[in-house]
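The values are calculated or read from the model by the stated rules, or taken from the named source; none is laboratory data. In this text the structure is predicted, and so the values were computed from the model without any measurement. With ideal geometry, Cβ positions are generated from the backbone for all residues, glycine too; neighbour counts draw on all protein chains shown. Quick note on the areas: whole protein, heavy atoms, side chains included, nothing else; ligands and nucleic acids left out. Shrake-Rupley method; radii C 1.70, N 1.55, O 1.52, S 1.80 Å.
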Amino acid sequence: MLVTFCIILSPLRIGGTALLAASGFGSIVIPVILLTKAGIYSVDLISFTFLCCSLPLLIKHRSDRLRDENFILTLKSRKAQDDLLSSNRQLESLSQIDPLTGLLNRRGFDQHFKAAFDAAQISGEPFAILMLDIDHFKAFNDDYGHQLGDRCLAEVGSLLGDEVGRHGGISARYGGEEFIAALRGIASVNGIAIAQAIRRRISDLRITNGGSDTALITASVGVRIASARKTTRDKFVQEADQALYAAKHAGRNQVALYSRDAHGSLDETVTQTSQDEAPVRAKG
């Protein structure tokens, strides 16, 4: 019985357990054969010893096999869970990307914007929002078609992402032909200069469809710069949108900064463009 328990409880694998069973069997049978004459009692003892050593070995083998199978199933289950989590993360990431421009979509921007704005509120650093709208985009689509219109959106998105990304900001396609960007810290203080750089680069674009059509475009930009502690996220975006409206109202292809005068009334300061940047579109 002692050998039986040792076999069952042994942490050894089947090979070592078989050796233990054989050793236990031999340690009992050999003395019995040497010290007693072969007879019914010795045969019974040997048979009982064999059963006590072999049956636990089979049980041990079966137990090891089940444990190995459970271990493999556990590994497969973990791998399946990891694959599912990875797929979910990829889907979550893709759900935040605008497929046409490669920028964040509105949902993705809102999530990143919240994190950046909350951090700016804690640190007390300045924050800036840039709202950009392509001028006369409906007319652009009517004149050149939606294929060139999509090319226009893609190139503006690439340009915006490049310029804002160089300053550590986040940018997104906010809807239709409207884009948005957020800047923190030193970059936000330079929000007007960055907006002007973006506006100039857009006016320098030459949108082509691979054929004879070549189009020029311009964009209007509204900028809101302030301490994140003094306002809310929704109000920040709303005021940047008001500045964008001011830029469009002033003639488009301009950058407008939202501000309030000493009496608390709205004062949109518009940074004028030069006359040679005025064309909205042209065919060539």
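Of note:
- Any pair with Cβ under 7 angstrom, 6 or more apart, that starts in segment 129-155 at a residue that is basic (Lys, Arg) and ends at one that is outside any helix (DSSP H, G or I): Arg151/Ile207; Arg151/Asn209
- Breaking point among (1) touching an Asp or Glu at 6+ places or on another chain (Cβ under 9 Å); (2) open to solvent by less than 30 Å² (accessible area, probe 1.4 Å); (3) not in a helix (DSSP H, G or I), for Leu130: (1)
- Residue count for segment 222-240 under the criterion of being open to solvent by 70 Å² or more (accessible area, probe 1.4 Å) and touching a residue at least 60 places away in the same chain (Cβ under 8 Å): the result is 2.
- Subset tally (residues that are open to solvent by 10 Å² or more (accessible area, probe 1.4 Å), under 20 Å from Asp143 (Cβ atoms) and β-branched (Val, Ile, Thr)) for segment 169-221: 2
- Val156, sole failed condition from (1) open to solvent by less than 30 Å² (accessible area, probe 1.4 Å); (2) within 18 Å of Asn190 (Cβ to Cβ): (2)
- Filter result for Leu160 (within 14 Å of Leu205 (Cα to Cα) and not basic (Lys, Arg)): yes
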